[in-house]
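Student: Sending over a structure as structure tokens; questions will come in a sec.
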């Protein structure tokens, strides 16, 4: 399926709410964004879990289709977090004897330990994307954690050089992306929220690692950054990114940014004039469903700095933490708001 050819194609960042019959939502919130295994969130016995996840994935896909979203994902329904499904499947990782790192806002967080050379032993999300493609004829997207973020979400007990660790993660991500892209999936996205937490290291070896991860990957590629999920980050978010212009040096075609909840100063988009912008126009910190006109206003604000053929409206990230009816309502307003502005542009 080719990407939509009309202006302002709507999409999702990645996740969608998992049904209450599939996950213990209180347990999910208690874990925050798990880096190690969080098997206890699943309500379904292990023998039936994959079948249940398949059924819930179909529900997520259908919700996105019914809402009118143009480029959809599998909702990341099989994941405990956006990153640990891939991170814990690699060689060189000890997930059973976690280490600890100070995460964002100085929280001590259990993380896997790197105890050997990072290698990908087998495809991790290949079945996920194959399942997605069998269920829809819409444009499709699959997401993976990026190499810099993976390196920051683990305790390094093996490598003497952090840059070497990050580059080995990049090689593993690239191998996975090659298999995923071979399925015919339209869009590939790397989630790299941690680049903004250590801009010096991100510039020195994070950008080269992102480019290595995306090497020879055809078609639309995205790098996503954010300030953390609204359901987890309770502090007031900044109104600007400490690491955004630097992403112009990545080979990704698109940069995805959270903008609605932090009320981002969109003037920063001028620094990414060579990229398409996936712009967050749904505030996931507010469980009230925006009207289509509110969404249209946020899209119009983006168009002051970005040409219509470079703007892709999306939610902010962390949709999985919302009630499902709220998430669906917000996506419907996203699709309708994009349609309003699209009609205006058509004159």
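Student: Would you please name the residue that is farthest from residue 166 (Cα to Cα), looking only at residues in the stretch 186-204 that are in contact with a helix residue (DSSP H, G or I) (Cβ under 9 Å, 6 or more places away or on another chain) and surrounded by 22 or more Cβ atoms within 10 Å (Cβ to Cβ)?
Tutor: Residues of the stretch 186-204 in contact with a helix residue (DSSP H, G or I) (Cβ under 9 Å, 6 or more places away or on another chain): 188, 190-199, 201-204.
Going one step further and asking which of them are surrounded by 22 or more Cβ atoms within 10 Å (Cβ to Cβ), we end up with 188, 190-195, 202.
Values: 188: 19, 190: 14, 191: 14, 192: 12, 193: 15, 194: 12, 195: 12, 202: 10 Å.
Looking at the filtered set, the residue picked out is 188.
Student: Return the residues of the stretch 1-36 that are within 27 Å of residue 113 (Cα to Cα) and touching a strand residue (DSSP E or B) at 6+ places or on another chain (Cβ under 7 Å); say none if nothing qualifies.
Tutor: 14, 23, 35, 36
Student: Follow-up. Among the candidates 326, 341, 294, single out the residue that is touching a residue at least 24 places away in the same chain (Cβ under 8 Å), part of a helix (DSSP H, G or I) and within 23 Å of the chain's Cα centre (by Cα).
Tutor: 326 is the lone residue from the list that is touching a residue at least 24 places away in the same chain (Cβ under 8 Å), part of a helix (DSSP H, G or I) and within 23 Å of the chain's Cα centre (by Cα).
Student: Criterion first (crowded, with 18+ Cβ neighbours inside 10 Å, touching a strand residue (DSSP E or B) at 6+ places or on another chain (Cβ under 7 Å) and more than 30 Å from residue 336 (Cβ to Cβ)) does residue 92 satisfy it? Explain how you work it out, then say what you get.
Tutor: Numbers: crowded, with 18+ Cβ neighbours inside 10 Å: yes; touching a strand residue (DSSP E or B) at 6+ places or on another chain (Cβ under 7 Å): yes; more than 30 Å from residue 336 (Cβ to Cβ): yes.
Judged against the criteria, residue 92 is a match.
Student: Go through the stretch 28-53 and count every residue that is loosely packed, with under 15 Cβ neighbours inside 10 Å and in a helix (DSSP H, G or I).
Tutor: Residues that pass the stated criteria total 9.
Student: Something else about it: If you scan the stretch 205-226, which residues turn out to be out of contact with any helix residue (DSSP H, G or I) (no Cβ under 9 Å at 6 or more places or on another chain) and surrounded by fewer than 23 Cβ atoms within 10 Å (Cβ to Cβ)?
Tutor: Once the filter is applied, which keeps residues that are out of contact with any helix residue (DSSP H, G or I) (no Cβ under 9 Å at 6 or more places or on another chain) and surrounded by fewer than 23 Cβ atoms within 10 Å (Cβ to Cβ), the stretch 205-226 yields only 220.
Student: Look through the stretch 248-272, keep the residues that are part of a loop (DSSP other than H, G, I, E, B) and touching a helix residue (DSSP H, G or I) at 6+ places or on another chain (Cβ under 8 Å), and return whichever of them is surrounded by the fewest Cβ atoms within 10 Å (Cβ to Cβ).
Tutor: Pass one, the stretch 248-272, residues part of a loop (DSSP other than H, G, I, E, B): 250-253, 258-265.
Okay, now just the ones that are also touching a helix residue (DSSP H, G or I) at 6+ places or on another chain (Cβ under 8 Å), so 250-252, 259-260.
Numbers: 250: 23, 251: 15, 252: 26, 259: 27, 260: 23.
Applying the filter and picking the extreme gives 251.
Student: Follow-up. Can you name every residue in the stretch 3-46 that is more than 21 Å from the chain's Cα centre (by Cα) and under 30 Å from residue 303 (Cβ atoms)?
Tutor: 5, 6, 7, listed by residue number.
Student: Would you point out the residue of the stretch 155-170, among those that are touching a residue at least 24 places away in the same chain (Cβ under 8 Å) and out of contact with any helix residue (DSSP H, G or I) (no Cβ under 7 Å at 6 or more places or on another chain), that is surrounded by the fewest Cβ atoms within 10 Å (Cβ to Cβ)?
Tutor: If we take residues in the stretch 155-170 being touching a residue at least 24 places away in the same chain (Cβ under 8 Å) and out of contact with any helix residue (DSSP H, G or I) (no Cβ under 7 Å at 6 or more places or on another chain), then 157 is surrounded by the fewest Cβ atoms within 10 Å (Cβ to Cβ).
Each reported figure results from applying straightforward, stated rules to the coordinates on display, with no laboratory input. Quantities reported herein were computed from a predicted structural model and do not represent experimental measurements. Cβ atoms come from the backbone with ideal geometry, glycine included; neighbour counts cover every protein chain shown.
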